[in-house]
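Heads up, the thing below is written out as structure tokens.
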Amino acid sequence: AAAAAAAGQAAAAAASAAAAASGLPLSANMAPAAAPPGPPAVILPSYAAWFDPNAVHAIERRALPEFFDGSSAVKTELAYTEARNFIVSSYREQPALYLPLTEVRRHLAIDVAAATRLHRFLEHWGIINYV
């Protein structure tokens, strides 16, 4: 019995040595290497290459003029930039998930119609919810 156990151990050692030499993992139960930590990848379509979170583009000014025409003390360029960047950063936290208007609306200090137009604009250009 002792000779059989020694032969089994020798066979296991030989198999481990062969696997190590071949570059294969030593155990079939080993988990694959985890991906390095970091922010999830966000894909921005090429037609939205104009987008810059640090500036307001002319496309944005034309699409949402109520924030830029000076007709409201509440709807200002600063309010627009803060709301837009909040929506974009919320989406980029989990880009694999759809970001609904109701989720961002809870955190915005602008009226529902303006929030809807802004969300729709960002979605149209693929800046959020791009699949």
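Taking only segment 43-56 into account, find how many residues are assigned to a helix (DSSP H, G or I), open to solvent by 80 Å² or more (accessible area, probe 1.4 Å) and touching a residue at least 24 places away in the same chain (Cβ under 8 Å). Final tally of qualifying residues: 1.
Every residue in segment 104-120 that is modelled with pLDDT of 95 or more and within 19 Å of the chain's Cα centre (by Cα), please. Of everything in segment 104-120, those that are modelled with pLDDT of 95 or more and within 19 Å of the chain's Cα centre (by Cα) turn out to be H119, R120.
When you look at R106, is it among the basic types (K, R) and open to solvent by 80 Å² or more (accessible area, probe 1.4 Å), yes or no? The answer is yes for R106.
Within segment 57-84, the set of residues being not hydroxyl-bearing (S, T, Y) and not in a helix (DSSP H, G or I) comprises H57, L64, F68, D69, G70, A73, V74, K75.
Somewhere in segment 85-95, is a residue in a loop (DSSP other than H, G, I, E, B), within 25 Å of the chain's Cα centre (by Cα) and surrounded by fewer than 16 Cβ atoms within 10 Å (Cβ to Cβ)? Yes, segment 85-95 has at least one match. Note on segment 96-116: among residues that are outside any loop (DSSP other than H, G, I, E, B) and small (G, A, S), the one that is nearest to T76 (Cα to Cα) is A114. Among the numbered conditions (1) farther than 17 Å from A49 by Cβ; (2) open to solvent by less than 20 Å² (accessible area, probe 1.4 Å), the only one that I127 does not meet is (1).
Test each condition in (1) more than 22 Å from A49 (Cβ to Cβ); (2) without any contact (Cβ under 8 Å) to a residue 40 or more places away in the chain; (3) open to solvent by less than 20 Å² (accessible area, probe 1.4 Å) for L101 and report the one that comes out false. Of (1) more than 22 Å from A49 (Cβ to Cβ); (2) without any contact (Cβ under 8 Å) to a residue 40 or more places away in the chain; (3) open to solvent by less than 20 Å² (accessible area, probe 1.4 Å), only one is false for L101: (3).
Examine segment 24-41 for a residue that is in contact with a helix residue (DSSP H, G or I) (Cβ under 8 Å, 6 or more places away or on another chain) and at pLDDT 95 or above, and state whether such a residue exists. For segment 24-41, residues in contact with a helix residue (DSSP H, G or I) (Cβ under 8 Å, 6 or more places away or on another chain) and at pLDDT 95 or above: absent. Whenever a residue of segment 57-76 is farther than 26 Å from Y47 by Cα and open to solvent by less than 50 Å² (accessible area, probe 1.4 Å), its partners that are small (G, A, S) and part of a helix (DSSP H, G or I), lying with C-beta atoms within less than 7 angstrom and at least six residues away or across chains, give the pairs K75/A114.
The values are calculated or read from the model by the stated rules, or taken from the named source; none is laboratory data. Worth saying up front: this structure is predicted, and the values here are computed from it rather than measured. Counting neighbours? That spans all protein chains shown, and the Cβs are built from the backbone with ideal geometry, glycine included. Keep in mind that these areas ignore ligands, DNA and RNA; they rest on the heavy atoms of the full protein, side chains included. Shrake-Rupley method; radii C 1.70, N 1.55, O 1.52, S 1.80 Å.
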